[in-house]
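Visitor: Following this message is one structure expressed as structure tokens.
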Number of protein chains: 4
Amino acid sequence: MSYNLLKGKRGIIFGALDENSIAWKTAERAHEEGAEFVLTNAPVALRMGTINTLAEKTNSEVIPADATKVEDLENLIEKSQEILGGKLDFVLHSIGMSINVRKGKHYTDQNYDWTHKGLDVSAMSFHKLMQTLYKKDAMNEWGSIVALTYMAAQRVFPDYNDMADNKAYLESVARSFGYFFGKDKKVRVNTISQSPTPTSAGQGVKGFTGFMNYAERMSPLGNATALECADYTLTLFSDLTKKVTLQNLFHDGGFSNMGVSQEIMEEMEE
Amino acid sequence: MSYNLLKGKRGIIFGALDENSIAWKTAERAHEEGAEFVLTNAPVALRMGTINTLAEKTNSEVIPADATKVEDLENLIEKSQEILGGKLDFVLHSIGMSINVRKGKHYTDQNYDWTHKGLDVSAMSFHKLMQTLYKKDAMNEWGSIVALTYMAAQRVFPDYNDMADNKAYLESVARSFGYFFGKDKKVRVNTISQSPTPTSAGQGVKGFTGFMNYAERMSPLGNATALECADYTLTLFSDLTKKVTLQNLFHDGGFSNMGVSQEIMEEMEE
Amino acid sequence: MSYNLLKGKRGIIFGALDENSIAWKTAERAHEEGAEFVLTNAPVALRMGTINTLAEKTNSEVIPADATKVEDLENLIEKSQEILGGKLDFVLHSIGMSINVRKGKHYTDQNYDWTHKGLDVSAMSFHKLMQTLYKKDAMNEWGSIVALTYMAAQRVFPDYNDMADNKAYLESVARSFGYFFGKDKKVRVNTISQSPTPTSAGQGVKGFTGFMNYAERMSPLGNATALECADYTLTLFSDLTKKVTLQNLFHDGGFSNMGVSQEIMEEMEE
Amino acid sequence: MSYNLLKGKRGIIFGALDENSIAWKTAERAHEEGAEFVLTNAPVALRMGTINTLAEKTNSEVIPADATKVEDLENLIEKSQEILGGKLDFVLHSIGMSINVRKGKHYTDQNYDWTHKGLDVSAMSFHKLMQTLYKKDAMNEWGSIVALTYMAAQRVFPDYNDMADNKAYLESVARSFGYFFGKDKKVRVNTISQSPTPTSAGQGVKGFTGFMNYAERMSPLGNATALECADYTLTLFSDLTKKVTLQNLFHDGGFSNMGVSQEIMEEMEE
């Protein structure tokens, strides 16, 4: 299935670790829809993952970049424009990591060096990315920047730990920077708040499987998959959504507006 | 420009009064994207407008229906399926009218018969439409129902009068019925909260032009047009947004998440 | 326990049916805090309940009023000012009823006469009440109007039926009328969104007990009781909250901002 | 005016710089309402301000603490319990500072060392404070923790710079930690989102006066003052709000739910 929805568009996709990644699916689908793009990830993630397979499949180049380092972002953005032959039309930020989660530190017992580091990787990186794009005037008018987020930014999911606060910061950056990017460059900035997704990152969260089942039974249409998220992301990169900006868009089968479902109620009554 | 985004899809479009209508633009664009559909409007609106021009242009039939009358909706839905040759994939509800506004009654001096009538036309009609679709099992799986709304449902716009409360009711109906439509029929239901738009209906609101200018200067990307709203609506009818449901989606150049813009501040300082 | 928080204040309290009612508890507590007030309810509710016990206990008079009838409201407001000796400082609207719920009509199979009637009683009555207070200039400056609501206005609780949409309308009326009441009369208008509460009305909702248990386990502080809601309401009637207006205030032990609790997760895993 | 609303309650108040501070007013009013408390501020702020005047007036001791240093917070909490003779019932966090703002760095041209430092002072300090209180089991059951915030956490106010993102993080921390504090210790955690207030900190923001005027004309009840904010804070420390938790409470004369006011519209039309 292809609509040529992104024909002639150029972009950068962060965070395609392996074929479970939302960014991976987005790259595959963007390629099918006619886009050309550069893939990027942190050097350490590049070593762990299989991104070269994706690069071949989508006829893309891979440029390593640590998204917390402005000089890496500068290099990435310059090179990408050279490779792709012009300014960018879309950018996907799909980066998140909490050392407190990885090391099993409870939310009430944080190591604050790790908290700062996780925020830098997961949220401030989005500001750094946009500031670099903005300063280099690297986006075409009516371009589109998207970051992936999670509803823990609005509501409590106890095991999500400090990633909740990181996502709240990320979503705020989307609004704050989105204003200047819109006003000055006519570029839109949005976040997609996705269902729990069994990516390699998602599965690292404690109690993830139980939570996926809960969300599945709570959502009238069930959880959204990585591929469905990729499709939705494409609509935001397309020319059909030019006036959507500063929004946090829930892509979750309806979970976000549920109080309780009949299935959960029945389960509780047993 | 066409992506064949709605190729093979069948639908019903309410509320195309004249070429300024969002529903009109949606019909034109849906036709370009390969959809087939029935146009409908209240008998009185059909007489006032020029819908036959649109019907010819989009190769559509027109079936009159008063959306407050269940029997009219039943007839519409039956006939539409006969004409289109199968169940429906999309429905657009673009209906709104306040007698209190028309007659110049202030919000603090309502005529409650008119308030009830306006609610019936503007909001309860959406429930009636969905209840009829649901009972007749008239939607295909993964079909999409969209209603147009306005941000007065969340925040105060003094001149919007009782339409604010009608839109709040409409958005609640989208969530409430969307749950059952999702769970039982795998159909998604969303509302689009659009910028002030100079449709014939919009222009009837007191102080409309002043308000459009205000919104234009507040929104980082400016107001969204009727045509842009049509494009956005198409993405929600397409197969690329299957897991988006129960949402109220702002399509407004960013207005909804603005506190104040620099332009408004400068204007205030003068 | 008394702080004399409402000393010298005069008001009207709607909806005290029996001692389980939030309005009943509010009347008792308002009396302890030094307020004087009139009690009112629909004639049919007055016959069913035991309001005279409350009237004696709080040294109050009872004036019957059908809140859907403007003439009843006019009479109530005039008489109340005569009895209390001046303009009003606070009003509590605690009224809600769905015939569809009572008669067991599913949300997807509504009887629309009943839907209109339920809306009139549960939500439009709040507009009628405020319009009558406003026209009669019956509120003192810095007075406070509160209506009770439920979170089904924002999120789906399937068994709550058309009361969800009624509450969405009610909350919108609070904002819309609150603007004019604030600007013109310096009166604040808010809604309190309360935990599921085992009042006589609440218990009529299908699956109520199961849902109370669910909410109890989801809320970090557990469900809020009727007495606690009364206490919270008093703070909104007091002089300590003069600039709080147009708000929908959750009083629910934290439920509204929960995604999932550990207790619910553990229950799901069993 | 005193209701003895906080009689017998013990607390800590951060951030009373001078008599324009909300924290200063809160201390004065808490004292009037019968509370005993310790005042604290960063050593540098203590030198700049006049906190000893407040300490004398409210019969309080001052303990310096840099809220970004866990050891300072530990010392503060231990000493406060010794001085006050028991566990704490309330804590007010009123701390915020952006070096980017101070140094005139635009939001699109951040110095990220300063961004991190501002976040640490303005937002992560709230986590550190709560983590220290939690680990030391220093709060009484049904105690109350409040942090002051601003609506830039939800919507764009261009001059608010990176403080917007800091406040978003702060509000998320309130929810995330509030869950564990509620569940484990029966302590409530909320934020108050206050009108623009002419404190010494507030006035440092560029274009502050123009913005205050704008907010005044947008809010149906006008801007909330520092004293009114103090009063509102007291209600959240009192026993009358025991089940309010995880909330972000707007105290702003209605600003937060306004789309546009008549006054602003008239101004725009001139």
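Visitor: Looking only at segment A:32-73, which residues are among the acidic types (Asp, Glu) and open to solvent by 70 Å² or more (accessible area, probe 1.4 Å)?
Guide: Hits for segment A:32-73 are A:Glu32, A:Glu36, A:Glu56, A:Glu61, A:Glu71.
Visitor: Next up: Mind checking whether some residue in segment C:113-124 is at positive phi and not hydrophobic (A, V, I, L, M, F, W, C)? Walk me through it before giving the result.
Guide: Of segment C:113-124, the ones at positive phi are none.
Checking segment C:113-124: not a single residue is at positive phi and not hydrophobic (A, V, I, L, M, F, W, C).
Visitor: How many of the residues in segment B:1-41 are over 19 Å from B:Thr197 (Cα atoms) and either modelled with pLDDT of 95 or more or in contact with a Cys (Cβ under 6 Å, 6 or more places away or on another chain) (or both)?
Guide: So the count comes out to 22.
Visitor: Just to verify a result, which residue in segment A:181-215, among those that are of a type in the set (Phe, Trp, Tyr) and either open to solvent by less than 10 Å² (accessible area, probe 1.4 Å) or assigned to a strand (DSSP E or B) (or both), is farthest from A:Lys128 (Cα to Cα)?
Guide: Among those that are of a type in the set (Phe, Trp, Tyr) and either open to solvent by less than 10 Å² (accessible area, probe 1.4 Å) or assigned to a strand (DSSP E or B) (or both), it is A:Tyr214.
Visitor: State whether one or more residues within segment C:259-267 are in a helix (DSSP H, G or I) and either closer than 23 Å to C:Phe180 by Cα or of a type in the set (Val, Ile, Thr) (or both).
Guide: Yes, segment C:259-267 contains at least one residue that is in a helix (DSSP H, G or I) and either closer than 23 Å to C:Phe180 by Cα or of a type in the set (Val, Ile, Thr) (or both).
Visitor: State yes or no: is B:Ala174 in contact (Cβ under 8 Å) with a residue 24 or more places away in the chain, among the aliphatic types (A, V, I, L, M) and either crowded, with 23+ Cβ neighbours inside 10 Å or within 7 Å of another protein chain (Cβ to nearest Cβ) (or both)?
Guide: On the way: in contact (Cβ under 8 Å) with a residue 24 or more places away in the chain: yes; among the aliphatic types (A, V, I, L, M): yes; either crowded, with 23+ Cβ neighbours inside 10 Å or within 7 Å of another protein chain (Cβ to nearest Cβ) (or both): yes.
So B:Ala174 passes the test.
Visitor: Would you check if D:Gly11 is farther than 21 Å from D:Tyr160 by Cβ, touching a residue at least 60 places away in the same chain (Cβ under 8 Å) and either surrounded by 23 or more Cβ atoms within 10 Å (Cβ to Cβ) or of a type outside the set (Val, Ile, Thr) (or both)?
Guide: yes
Visitor: For residues that are within 12 Å of chain B (Cβ to nearest Cβ) and among the hydrophobic types (A, V, I, L, M, F, W, C), scanning just segment C:115-128, find the one that is farthest from C:Ile83 (Cα to Cα). Explain how you work it out, then say what you get.
Guide: Going residue by residue through segment C:115-128, those that are within 12 Å of chain B (Cβ to nearest Cβ) are C:115-120, C:122-128.
Those still in the list that are among the hydrophobic types (A, V, I, L, M, F, W, C) too: C:119, C:123-124, C:126.
On the way: C:Leu119: 31, C:Ala123: 27, C:Met124: 26, C:Phe126: 22 Å.
Only one residue tops the list, namely C:Leu119.
Visitor: Still on this model: Please count how many residues of segment D:244-270 are free of Cβ contacts under 8 Å to residues at least 40 places away in the same chain and facing chain C (nearest Cβ under 9 Å).
Guide: 3
Visitor: Please verify whether D:Pro220 is more than 23 Å from C:Ile192 (Cβ to Cβ) and either in contact with a His (Cβ under 6 Å, 6 or more places away or on another chain) or of a type outside the set (A, V, I, L, M, F, W, C) (or both), treating the condition exactly as stated. Full working, then the answer.
Guide: Values: more than 23 Å from C:Ile192 (Cβ to Cβ): no; either in contact with a His (Cβ under 6 Å, 6 or more places away or on another chain) or of a type outside the set (A, V, I, L, M, F, W, C) (or both): yes.
The answer is no for D:Pro220.
Visitor: A further question on this structure: Output the residue which, of all residues in segment B:112-168 that are part of a loop (DSSP other than H, G, I, E, B) and not charged (D, E, K, R), is least open to solvent (accessible area, probe 1.4 Å).
Guide: B:Ala138
Visitor: Find all pairs meeting these conditions: Cβ atoms under 9 angstrom apart; at least six residues apart or on different chains; first residue within segment B:152-171 and within 7 Å of chain C (Cβ to nearest Cβ); second residue assigned to a loop (DSSP other than H, G, I, E, B) and of a type in the set (Ser, Thr, Tyr).
Guide: The qualifying pairs are B:Val156/D:Ser261; B:Pro158/D:Ser261; B:Ala164/B:Tyr150.
Visitor: Among the residues of segment D:204-218, is any within 26 Å of D:Thr50 (Cα to Cα), facing chain C (nearest Cβ under 10 Å) and touching an Asp or Glu at 6+ places or on another chain (Cβ under 8 Å)?
Guide: The answer is no, given that none of the residues of segment D:204-218 is within 26 Å of D:Thr50 (Cα to Cα), facing chain C (nearest Cβ under 10 Å) and touching an Asp or Glu at 6+ places or on another chain (Cβ under 8 Å).
Visitor: Okay, next question. Could you grab me the full set of residues in segment B:216-238 that are open to solvent by 20 Å² or more (accessible area, probe 1.4 Å) and over 24 Å from B:Asn4 (Cβ atoms)?
Guide: B:Glu216, B:Arg217
Visitor: Here is a further query. Tell me, which residue of segment D:95-108 that is closer than 14 Å to D:Lys206 by Cβ, within 14 Å of chain A (Cβ to nearest Cβ) and not in a loop (DSSP other than H, G, I, E, B) is most open to solvent (accessible area, probe 1.4 Å)?
Guide: Just the residues of segment D:95-108 that are closer than 14 Å to D:Lys206 by Cβ, to begin with: D:98, D:100-107.
Now restrict to residues that are within 14 Å of chain A (Cβ to nearest Cβ): D:98, D:100-101, D:105-107.
Then keep just the ones that are not in a loop (DSSP other than H, G, I, E, B); that gives D:100-101, D:107.
Values: D:Asn100: 0, D:Val101: 41, D:Tyr107: 5 Å².
My answer is D:Val101.
Visitor: Looking at B:Leu39, B:Leu5, B:Leu92, can you tell me which residue is in contact with a helix residue (DSSP H, G or I) (Cβ under 8 Å, 6 or more places away or on another chain) and assigned to a loop (DSSP other than H, G, I, E, B)?
Guide: Numbers: B:Leu39 fails: assigned to a loop (DSSP other than H, G, I, E, B); B:Leu92 fails: assigned to a loop (DSSP other than H, G, I, E, B).
Matching residue, one of B:Leu39, B:Leu5, B:Leu92: B:Leu5.
Visitor: Could you give every pair whose Cβ atoms fall below 6 Å, whose first residue belongs to segment D:191-219 and is over 16 Å from D:Cys229 (Cβ atoms), and whose second residue is surrounded by fewer than 24 Cβ atoms within 10 Å (Cβ to Cβ) and among the acidic types (Asp, Glu), counting only separations of at least 6 or pairs across chains?
Guide: What qualifies is D:Val205/D:Asp159; D:Lys206/D:Asp159; D:Gly207/D:Asp159; D:Gly210/B:Glu269; D:Arg217/D:Glu263.
Visitor: Every residue in segment C:244-270 that is in contact with a Gly (Cβ under 7 Å, 6 or more places away or on another chain), open to solvent by less than 10 Å² (accessible area, probe 1.4 Å) and closer than 30 Å to A:Phe211 by Cα, please.
Guide: Of all residues in segment C:244-270, those in contact with a Gly (Cβ under 7 Å, 6 or more places away or on another chain) come to C:245-246, C:253-254, C:265, C:268-269.
With the extra rule that they be open to solvent by less than 10 Å² (accessible area, probe 1.4 Å), the set shrinks to C:245-246, C:253-254.
Listed by number, the residues that qualify are C:Gly253, C:Gly254.
Visitor: Sticking with this one: Among the numbered conditions (1) under 30 Å from D:Ala138 (Cβ atoms); (2) open to solvent by less than 40 Å² (accessible area, probe 1.4 Å); (3) touching a Leu at 6+ places or on another chain (Cβ under 9 Å), tell me where D:Thr241 comes up short.
Guide: So the condition that D:Thr241 fails would be (3).
Visitor: Okay, next question. If we scan segment A:17-31, do we find a residue that is small (Gly, Ala, Ser) and open to solvent by 20 Å² or more (accessible area, probe 1.4 Å)? Break it down into steps so the answer makes sense when it comes.
Guide: Our first condition is that a residue be small (Gly, Ala, Ser); within segment A:17-31, this holds for A:21, A:23, A:27, A:30.
Keeping just the survivors that are open to solvent by 20 Å² or more (accessible area, probe 1.4 Å) gives none.
Within segment A:17-31 (the criterion being small (Gly, Ala, Ser) and open to solvent by 20 Å² or more (accessible area, probe 1.4 Å)), the answer is no, since none of the residues qualifies.
Visitor: Can I ask one more? Quick one: in segment C:131-149, of everything that is touching a residue at least 12 places away in the same chain (Cβ under 8 Å) and at the interface with chain B (Cβ under 8 Å from one of its Cβ atoms), which residue is farthest from C:Asp66 (Cα to Cα)?
Guide: So the first thing to find is which residues in segment C:131-149 are touching a residue at least 12 places away in the same chain (Cβ under 8 Å), and the list is C:131-134, C:136-149.
Subsequent filtering for residues that are at the interface with chain B (Cβ under 8 Å from one of its Cβ atoms) retains C:131, C:134.
Working: C:Gln131: 15, C:Tyr134: 18 Å.
Ranking the qualifying residues of segment C:131-149, first place goes to C:Tyr134.
Visitor: Hey, another quick one. On the basis of being touching a residue at least 40 places away in the same chain (Cβ under 8 Å) and away from chain C (no Cβ under 14 Å), does B:Val91 make the cut? If you could, list the steps in order and put the result at the bottom.
Guide: On the way: touching a residue at least 40 places away in the same chain (Cβ under 8 Å): yes; away from chain C (no Cβ under 14 Å): yes.
Yes, satisfied.
Visitor: Please specify each residue of segment B:223-243 satisfying the condition of being within 15 Å of B:Thr149 (Cβ to Cβ) and at the interface with another protein chain (Cβ under 7 Å from one of its Cβ atoms).
Guide: Within segment B:223-243, B:Ala224, B:Tyr232 qualify.
The values are calculated or read from the model by the stated rules, or taken from the named source; none is laboratory data. Predicted model only: the values in this text are computed from it and were never measured. As a convention, Cβ positions derive from the backbone with ideal geometry for all residues, glycine included, and neighbour counts pool all protein chains shown. These accessible areas exclude ligands, DNA and RNA; they are computed on the full protein's heavy atoms, side chains included. Shrake-Rupley method; radii C 1.70, N 1.55, O 1.52, S 1.80 Å.
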